[in-house]
Amino acid sequence: MDRAFISQIIMYTFGFTLPVTAEGVLLLAISLVVLWVVVSIPVYISGELITDGKADFGSAMGATLGGAVFYIIVLWAGAFLLTPILGSSALVISFILAILAWLAVYRASFDTSWLGALGIVFVGWLVLFVVDAILTSLFGVSFPKFYPF
């Protein structure tokens, strides 16, 4: 297959193209690591608040990476495997299962209850929203819009 054709498939499926130069791949890798660290900060803060100071930054980084990986795997595999059986409702069920898998990763990473994992997620989103508002007002930069309002 032609590299341009593969690039078009990736662009259509994921909304971006993969870099083809070594510098582009290196820049993508560095950007993803920086994004991972930045997104882990609100999760760490919320984990500290919910677990009474028992969380560490490594757990937060593991939770953000593991939660995202499990979420995508469960969502795609569930939709793929359940669509022939359940039809169009398979995506909704897969989404619910993916959220539960994401929460299970947070629960295991922070050694907390299901309610504690849900609290970490909600407080993490709140902290991220506040940090985004501060960055926008002070520096004019913000995170990509992740909330529906």
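The values are calculated or read from the model by the stated rules, or taken from the named source; none is laboratory data. Given the structure is predicted, the values throughout are model-derived calculations rather than measurements. Glycine gets a Cβ as well: all are built from the backbone with ideal geometry, and neighbour counts include every protein chain shown.
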Let me spell it out: the conditions are (1) free of Cβ contacts under 8 Å to residues at least 60 places away in the same chain; (2) under 18 Å from the mean Cα position of the chain (by Cα); (3) assigned to a helix (DSSP H, G or I), and Gly87 meets all of them except one. Which number is the exception? (2)
Yes or no: segment 115-132 includes at least one residue that is of a type in the set (Asp, Glu) and under 21 Å from Gly53 (Cα atoms). no
From the list Val69, Val141, Val105, Val130, which residue is within 25 Å of Val34 (Cα to Cα), in a loop (DSSP other than H, G, I, E, B) and either over 15 Å from the mean Cα position of the chain (by Cα) or modelled with pLDDT of 90 or more (or both)? Val141
Please state which of the following conditions Thr112 fails to meet, knowing it meets all the rest: (1) within 18 Å of Ala55 (Cα to Cα); (2) assigned to a helix (DSSP H, G or I). (2)
Scanning segment 109-142 for residues that are of a type in the set (Ser, Thr, Tyr) and without any contact (Cβ under 8 Å) to a residue 12 or more places away in the chain, which turns out surrounded by the fewest Cβ atoms within 10 Å (Cβ to Cβ)? Ser137
Take the conditions surrounded by fewer than 17 Cβ atoms within 10 Å (Cβ to Cβ), without any contact (Cβ under 8 Å) to a residue 60 or more places away in the chain and polar (S, T, N, Q) and apply them to Ser59. Does it pass? no
